[in-house]
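The values are calculated or read from the model by the stated rules, or taken from the named source; none is laboratory data. Not measured: the values here are computed from a predicted model. Note that we place each Cβ from the backbone using ideal geometry, even for glycine, and neighbour counts take in every protein chain shown. Note: areas computed on protein heavy atoms with side chains; ligands, DNA, RNA excluded. Shrake-Rupley method; radii C 1.70, N 1.55, O 1.52, S 1.80 Å.
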Amino acid sequence: MQENMDRMTRLLPLALLLAGACLPDQERTTLVVYSPHGRDLLEAFERQFEDARPDVDVQWLDMGSQEIIERLRSERANPQADVWFGAPSSMFAQAAEEDLLDPYRPSWGDAIPASAIGEDDAWFGIYLTPEVIAYNSEAVDSADAPQDWDDVLEPRWRDRVLIRDPVASGTMRAIFGMILQRSLRETGSVEAGFDWLRRLDAQTREYTLNPTLLYQKLARQEGVITLWDLPDIEMLRTASDLPIDYIIPPSGTPVVIDGIAVVRGSRHPDLAREFVDHVGALPALTHAAREHFRIPARQDFPADSLPPRLRAARALIRPEPMDWSLLEERGTEWMRRWDEEVRGRGDTQR
């Protein structure tokens, strides 16, 4: 009976939970976490934190990075979240400028490089997330898969590419930002970059609404190529046995600094800070690295604690020289233009 009631509790709307409805575990304090990190990792940290703090009920909402920042803006007058866990650093910097974050230096803060710390300690980097080219390994041999970004535009991949909807995705914003910044460096303008994105649009079979649909469609060969982040693809290979593998582009790839922060106006700021401390502590980072293939941002994290494939991948990564402040400044404008001028228009014959 209790088990059924607990299950029902988790299905109730967030607003009801936060309103203090008469639930079986009403004596527990609810800590709300917004994150794009997916069910597996979030459930693991929920269990870990609740084991340490049985008086706390961690409730997480899994959504795209852009969706999170938009939600924080809309909730500014009445914040619903306590912790924002996961998104590119450019989004955290933007949120800090908008006064959406509550500065806090975690217990592990001194182990983070200055380049991965927000101004006035508004946010801290927790993971390093490289972007890769992924493919269905049953449909595509590793030698035939696109070896670099431009190879995805070859005619043989026409209508065989799946892309996570870029408007809602911090991962895709970073990849698109890389293309546009390369264009700026090489030509002084973003026009060549938008031409590249139009060609990618012509290759794209579908823009999926969320990562789960992306993985499912890739596994079913509704498309056989995608652009995504390394940790999620490694997790899929290991945990689900889906026929998915990846290529690390040798020309360079964005390595996203994935951040964490306390939300300004948190109803439980002390618990929120405690959760941030927990997630960035070495035991939690070791679990995240070995079980969820996250690369810790901490400089004191021992390399031999990484799983072998992650150590090998890290040796092949050539970080793209990204101007994250420029992406923060112009990213919304670029994505709006992409949505209005590129989406579905890459091939007028389609």
Principal axis dimensions, largest first and in whole angstrom, of the range 173-231 by Cα: 41, 26, 16
Computed log₁₀ I(q)/I(0) - Debye formula, equal Cα scatterers, no solvent, the range 172-295, q 0.15 Å⁻¹: -0.94
Label selected from (i) 65, 61, 38; (ii) 60, 43, 42; (iii) 63, 53, 43, the criterion being Cα extents along the principal axes in Å as computed here: (ii)
Descending principal axes extents, the range 97-193, alpha-carbon based, whole Å: 50, 37, 23
The range 236-277 pair-distance distribution - Cα-Cα, 10 Å bins, rounded %: 20, 22, 24, 26, 7
Summed side-chain charge close to Gly64 - residues other than Gly64 whose Cβ falls under 15 Å, Lys, Arg +1, Asp, Glu -1: -3
Distant-in-sequence amide H partners of Gln59 (H built 1.01 Å from N, under 5 Å): Leu31, Val32, Val33
Directionally averaged projected area (convex hull, Cα atoms, the range 217-350), nm²: 12.0
Cut-off under 5 Å, modelled amide H: who pairs with Ile244 long-range: Ser137
For the chain, share of DSSP beta bridges that run antiparallel, in % to the nearest 5: 60
Residues whose placed amide H lies under 5 Å from that of Ser169, excluding near-sequence neighbours: Gln66
Solvent-accessible area of Glu329 with every protein chain in place, 1.4 Å probe, in Å² to the nearest 10: 140
Spin-label model distance (nm) - Ser325 vs Arg290, 7 Å beyond Cα toward Cβ: 4.0
Estimated 222 nm signal from helices in the chain, with DSSP H stretches of n ≥ 4 weighted -39500 (n - 2.57), rounded to 500: -12500 deg cm²/dmol
